[in-house]
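Bear in mind these aren't lab numbers, they're just calculated from the coordinates by the rules spelled out. Remember, predicted model here, so these are calculated numbers, not experimental data. Positions of Cβ are backbone-derived with ideal geometry, glycine not excepted, and every protein chain shown enters the neighbour counts.
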């Protein structure tokens, strides 16, 4: 019988309700099929593979035991949510992941009632779950609240703030620590070492079961003493003290791939938990797919790939990525300047700092998922006489904004912020778009804010930042490849607050900030075919503004258009303020500012997202024609 092909189980699951009558053996089979389906789907779409493979058994067990969507299952970060999506009515769309009009690569409230809380940044799940638990007890929506958080995400202070509050409130709350010894890079810090020690000894769940059984056989007068002895031994041999001191009952570690253990523990917790409880599970990122298990990042993020070989299908490119250009430039500067150091928050690969870390180990610091600490740590390095580069994605720098203001800007400390993934980033969608950094940094007194128009300009900006000791300075650059321009061997330092002229024209001037300059150039070529030749300048700086350049452009042209890969309130808003303060609008100049629209743009290709934003070459061409009145005349004709 064992050689007979098994009847597929996954085909019977449209919603978690379809799992309720399944046997434990069927649930184990379901997990196997779910893992295969996840691998197949991501091979077609690309995306976050390893994290989902690590929680396949946990996903099946959670949905088999609990009653979603009444019970709220909250996936921290939600890189690992693809198996969850397959089991919750979205299998027929799973091969649209991260594509325009398709499923989000993260949990998303508007997508499904089974996604009770959207996530894409880490360490929010316990706070959100506690909110659901308190709302339940205040008469809101019922059901359990279950947070699934990884050991990497547990390095962020917000997780401990939530646990401290949950322990104080004492509400029924279930936290599952998904401990795979990985975030995107291997986790760093004392918490990682602590968790490693926890499961180096005897499995705690076996000790707890044995101790509970032995205590129950004692006469009543002896049970309290036995309980104290058990607690002391537990703390000595396992070390669950930290979580229990925060007010949580601690259970684990358990094997997160052992379906029998998972089901037993979750069923018991569902029946008996009466306060906050933390279940510590040990899992393996990339579990069950050899190419992912062998990869250094355990298949964290992948392009489309061949299922058999694991080989990724990446489009060839002749131009280096902006990230690699930044990393190589920083390494060259550090060779001659021992004060240059680098800080990142669990993203050495994503920010390119792996190269720097390999060459200058003692000067590179991965602080874990702790952006607030990364910023203030960098501030301390600067105050101590070093030249720190704090390398973060734009969307993650938002998490440390108070520290940017209070610890860096007010003290005028020369922290260099290397802001990767500026602008719209494609498949990760709105949660990872770098839309706001120009606005929130340019508003800060004493800050210098730059944006590279191409990879050669990025090299110059890295050198300029390294030499700038007068206060905080930031430079931003997008995801993806450069445009293939010649790279400067010995980059000259930029004069702070000075832009550059790109081409002379008449009537209308376009002032570009960042990599939209390539689209501006394409628009101008189309306009020249219509007999229109705009002037084009590269601002380079959003702060300080190049007052002379801007005022000269305004004086010499009938219209001025600015364009930037950021939201309103950034570069264009500062230009408008300057023009207003100088009375330029009194002279009748036409001014337009092209910025990202006042909406969150869903995932698509970067080009498609910029189409939605109205910031590609054809949109720039149309804006020039509109401001010159040509479009209106053509419509009338």
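Tell me the Rg and the Dmax, in Å, that the Cα atoms of region 386-427 produce.
11.6, 38
At 0.36 nm per residue, and after removing the present C-alpha to C-alpha distance, how many nm does the segment from residue 599 to residue 110 gain when stretched out fully?
Working: separation 489, 0.36 × 489 = 176.04 nm, distance 1.50 nm.
Gain in length upon complete extension: 174.5 nm.
Quick one: 564, 457, 37, 245, fewest Cβ neighbours within 10 Å first, how do they rank? Don't jump to the answer; show the numbers that get you there.
Numbers: 564 29, 457 26, 37 18, 245 12.
Going from sparsest to densest Cβ surroundings: 245, 37, 457, 564.
In units of 2.2 N^0.38 Å, what is the alpha-carbon radius of gyration of region 506-637?
Against the compact-globule rule of thumb, the ratio is 1.03.
Test of understanding: what is the full-extension gain from residue 358 to residue 14, defined as 0.36 nm times their sequence separation minus their Cα-Cα distance?
119.1 nm
For the Cα atoms of the chain, what angle does the longest principal axis make with the long axis of helix 517-528, in degrees from 0 to 90, nearest 10?
40 degrees
From the Cα gyration tensor of region 496-535, with a ≥ b ≥ c the square roots of its eigenvalues, which class applies: rounded if a/c is under 1.5, or else prolate if a/b is larger than b/c, or else oblate?
oblate
What nm value, rounded to one decimal, do you get for the distance between residue 483 and residue 294 when each label is placed 7 Å out toward the C-beta?
4.0 nm
Ranked from highest to lowest mean number of other Cβ atoms within 10 Å per residue, what is the order of the peptides 472-483, 154-165?
Values: 472-483: 23.5, 154-165: 20.1.
Put in order of decreasing packing, that is 472-483, 154-165.
What whole-number value in cubic angstrom gives the convex hull volume per residue for the C-alpha atoms of region 416-552?
Residue-normalised Cα hull volume stands at 128 Å³.
Using 13 Å as the cut-off for backbone N distance, which residues of region 434-476 belong to the label zone defined by a point 7 Å from the Cα of residue 412 along Cα→Cβ?
Residues 445-448, 469-472 qualify, since their backbone N sits under 13 Å from the label point.
With label points built 7 Å along Cα→Cβ from the Cα atoms of residue 495 and residue 525, find their separation and express it in nm.
Output for this residue pair reads 3.1 nm.
Work out, in µm²/s and without decimals, the Stokes-Einstein translational diffusion coefficient of the chain at 10 °C, 1.306 mPa s, Rh from Kirkwood over C-alpha pairs.
Details: Rh = 26.8 Å.
Answer, rounded: 59 µm²/s.
Specify the angular offset, from 0 to 90 degrees and rounded to the nearest 10, of the alpha carbon long axis of helix 571-581 from the longest principal axis of the alpha carbons in the chain.
Once rounded, one gets 40 degrees.
What FRET efficiency, computed as 1/(1 + (r/R0)^6) with R0 = 41 Å and r the Cβ-Cβ distance, is obtained for residue 443 and residue 467, rounded to the nearest 0.05?
Values: r = 25 Å, r/R0 = 0.60.
My answer for the efficiency is 0.95.
If we count other beta carbons within 10 Å of each Cβ, what is the order of 300, 48, fewest first?
Lowest count first: 300, 48.
Using only helices, what value at 222 nm comes out for the chain when you add -39,500 (n - 2.57) per DSSP H run of length 4 or more and divide by the total residues, to the nearest 500 deg cm²/dmol?
Per the formula, -11500 deg cm²/dmol.
Just need the relative contact order of the chain here, percent rounded to a whole number, with Cα pairs under 8 Å and 6+ apart.
11 percent
Quick one: if you take sqrt(5λ) for each eigenvalue of the C-alpha gyration tensor of region 302-390, what semi-axes come out, biggest first, whole angstrom? The partial results should precede the final answer.
Details: eigenvalues 178, 52, 20 Å².
Here the semi-axes work out to 30, 16, 10 Å.
Where Rh is the Kirkwood radius over the Cα pairs of region 324-476, the temperature 25 °C and the viscosity 0.890 mPa s, what D in µm²/s does Stokes-Einstein return?
164 µm²/s
How far, in degrees from 0 to 90, does helix 371-383 lean away from the longest principal axis of the Cα atoms of the chain, to the nearest 10?
Once rounded, one gets 60 degrees.
By count of other Cβ within 10 Å, fewest leading, how are 322, 360 ordered?
360, 322
Kindly state, to the nearest 0.05, the FRET efficiency for residue 40 paired with residue 518, given R0 = 45 Å and r defined as their beta-carbon distance.
0.75
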